[in-house]
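Everything on this sheet refers to the single structure shown next.
None of the figures in this text is laboratory data; all of them are computed from the coordinates on show. Note that the structure is predicted; figures quoted are calculated from it, not measured. Here the Cβ positions follow ideal geometry from the backbone for every residue, glycine too, while neighbour counts run over all protein chains shown.
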Amino acid sequence: MKTFALPFLVAGTFFVFPAGAEEGKEPFYQDEFSGRTVNSMEMASALVVNRFYNAPRYGTRAPSFAAEDIETGETVLLKELYAEKPVVLLFSSWGCDVMRDSSADLLAVYERFRADFSFVMIYIREAHSLDGHHSRLGRVKDPKSAAERKSAAQGCRKALKLPFRILTDRIDDRIATRWGAWPIRLFVVNTEGTVVYSGKPGPWGYSPGNGFKADLADELKKHADRFSQESLEDFLESCLRGKN
């Protein structure tokens, strides 16, 4: 892992993984990085390599979870989120600069498809924090308790004017680890509990739609057997066309 100069960049190609990241390994809920502030590029690279194969590929059963609603305080189960209509899951944090830069594009997609799809943000560990790696990109210190994470999520909602429901991951990062939510940011789960959209790995592969394209997106290795190649917007549009 120490051969990484940047996350995922090996021999000029993004998302080529060492032999240690083997498909078929039993997914785990926690790893050595869970509950820890990311404080170096090397740590970020190792975290992504360790979690890559945890992320559910499209066509597989969505791993269950329970998370707290930042407004009501209630514990919400994943199966409740997709009970009435498919749910778009955004895993992110206020410290994710790519998500912040594309928030207007995401909100445009939300407004267009909100009648047919639920949108829910799962607030995870800060991608960049004031006390972590690339602190200039952070907005808050990395939360050390559930209450602090809830406060950060509420600040994110207010700053970015996010209208959809926000749930918080546990402070031990259980949901983010199981879903590979760093680096995978966007998923869609249908009403049968199947992952039907698994977005390309972020930050560069993050693609909500409405014309947004992250820097270095064209340099990503496709991994088309695992991840959806189209933007979230294009996928949702294809779903509606299929209903008509």
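Could you please let me know if K158 is surrounded by fewer than 23 Cβ atoms within 10 Å (Cβ to Cβ), of a type in the set (K, R) and closer than 20 Å to D105 by Cα?
When the stated conditions are applied, K158 passes them.
Name the residues in segment 35-45 that are surrounded by fewer than 20 Cβ atoms within 10 Å (Cβ to Cβ) and either free of Cβ contacts under 8 Å to residues at least 60 places away in the same chain or of a type outside the set (A, V, I, L, M) (or both), would you?
Listed by number, the residues that qualify are G35, R36, T37, N39, S40, E42.
Which of the residues spanning segment 116-138 are within 8 Å of G95 (Cβ to Cβ) and among the acidic types (D, E)?
The one that is within 8 Å of G95 (Cβ to Cβ) and among the acidic types (D, E): E126.
Kindly indicate the residue of segment 113-155 that is in contact with a Gly (Cβ under 9 Å, 6 or more places away or on another chain) and part of a helix (DSSP H, G or I) and also surrounded by the most Cβ atoms within 10 Å (Cβ to Cβ) among those meeting that condition.
A152
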